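The values are calculated or read from the model by the stated rules, or taken from the named source; none is laboratory data. Keep in mind that what you see is a predicted model, and the values were worked out from it rather than measured. Quick reminder, even Gly has a Cβ in these numbers, built from the backbone with ideal geometry, and neighbours come from all protein chains shown. Only protein heavy atoms, including side chains, enter the accessible area calculation; ligands, DNA and RNA are left aside. Shrake-Rupley method; radii C 1.70, N 1.55, O 1.52, S 1.80 Å.
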Amino acid sequence: MSDDTMQQIYMRVTQRIQSDRKQLSQIEAQTSGNQREIRLAALTKREIEGLDTSVPLYKSMGKMFVCETKASLLHDIETTTSEANAMLEALEKKKKFVARDLEEATGNLKDLVKSSQAAAKN
């Protein structure tokens, strides 16, 4: 292969590696956010369950607060938790795919370097 072709392949592979690393860091950030949301929902649920049903509870909606029933708030928390868990599962699948792609690209880069070194020796 010519030097120009090798350089173009090298550039494509390194760009793919950078892109995959960026995607992995974004996935990690989203995973962290969803885990935080689940912990917050669990804490809120525990606090609400300890309250009497006669205590007025309010839910934040934009710049205002709306009075809600205890059952309604608990249902919203359960919905939020299940959505966050579903998102975590999807992110985990995506993370595995991107990690596999990154590993493949890294292997391609190693092969490219070895083949260029072998070509330089000859």
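Here are the numbers for this structure:
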| quantity | calculated |
| --- | --- |
| Under Karplus coefficients 6.51, -1.76 and 1.60, residue-wise ³J(HN,Hα) of the range 90-106 in Hz, glycine/proline x | 5, 5, 5, 5, 5, 4, 4, 5, 5, 5, 5, 5, 5, 4, 5, 5, 5 |
| Label zone at residue 49, where the point sits 7 Å out along the Cα-to-Cβ direction: the range 70-88 residues whose backbone N lies under 19 Å | 70-85 |
| For residue 57, distant residues with modelled amide H under 5 Å away | 68 |
| Solvent exposure, largest accessible area first (probe 1.4 Å, DNA, RNA and ligands not counted), of 9, 17 | 9, 17 |
| Rg [Å, one decimal], Dmax [Å, integer] - the range 1-73, C-alpha atoms | 24.7, 79 |
| The range 26-38 - phi-based ³J(HN,Hα) in whole Hz, Karplus 6.51/-1.76/1.60, Gly and Pro as x | 5, 5, 4, 5, 5, 4, 4, x, 5, 5, 5, 5, 5 |
| Cross-link reach list, lysines versus residue 45, counting only Cα pairs under 24 Å and skipping chain neighbours closer than eight places | 59, 63, 70 |
| Backbone HN-Hα couplings from phi across the range 72-78 [Karplus 6.51/-1.76/1.60, Hz, Gly and Pro as x] | 5, 5, 5, 5, 4, 5, 4 |
| Charge-dipole axis of the chain as Lys and Arg at +1 and Asp and Glu at -1 on Cβ define it, positive-most pick from 74, 91, 58 | 91 |
| Residues residue 19 and residue 110, FRET efficiency given R0 of 22 Å [Cβ-Cβ distance, rounded to 0.05] | 0.75 |
| Label-point gap, in nm, between residue 101 and residue 120 - each point 7 angstrom along Cα→Cβ | 3.0 |
| Viscosity 0.692 mPa s, temperature 37 °C, Stokes-Einstein D of the chain from Kirkwood C-alpha radius, µm²/s | 177 |
| Accessible area (Å², per residue) of the range 21-122, counting only protein heavy atoms and a probe of 1.4 Å | 75 |
| Paramagnetic reach from residue 29 (point 7 Å along Cα→Cβ, amide N under 20 Å) across the range 87-122 | 87-99, 102 |
